[in-house]
Amino acid sequence: MAALNRMPSSVIRHFDYDPATRLLTVRFVTGRKYAYYNVPDDVVTAFRAAFSKGIFFNTHIRDAYAYDELEAERDARSARH
């Protein structure tokens, strides 16, 4: 079962990881959501433990794994206009 991880971060809202498929899904505070493929368990464990999720993500995940952008979350404020 995948675990949803919420954390205080100025960049990352939350992430979800499925160890069976090695799929890491990251939602940013901007609402954009990305799927990163074939991410090893040890990288996700270190990501969870990292003091700065944004720095860890930029250093160890962003350019290291194949990814796709998923549907972005609509900003509730823009939906009212």
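Conditions (1) exposed (fewer than 14 other Cβ atoms within 10 Å of the Cβ); (2) modelled with pLDDT under 95; (3) among the aliphatic types (A, V, I, L, M); (4) touching a Phe, Trp or Tyr at 6+ places or on another chain (Cβ under 6 Å), marked per residue:
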| site | (1), (2), (3), (4) |
| --- | --- |
| His14 | no, yes, no, no |
| Thr30 | yes, yes, no, no |
| Lys33 | no, no, no, no |
| His60 | no, no, no, no |
| Ser78 | yes, yes, no, no |
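Figure legend. Inter-residue proximity from region 29-47: first residues under 14 Å from Arg62 (Cα atoms), second residues of a type in the set (S, T, N, Q) and not in a helix (DSSP H, G or I), beta-carbon distance below 6 Å, spacing 6+ or different chains. Indicated pairs: Ala35/Thr25.
The values are calculated or read from the model by the stated rules, or taken from the named source; none is laboratory data. Here the structure is a predicted model, which means the values were calculated and not measured. Neighbour counts run over all protein chains shown; Cβ positions are idealised from the backbone, glycine included.
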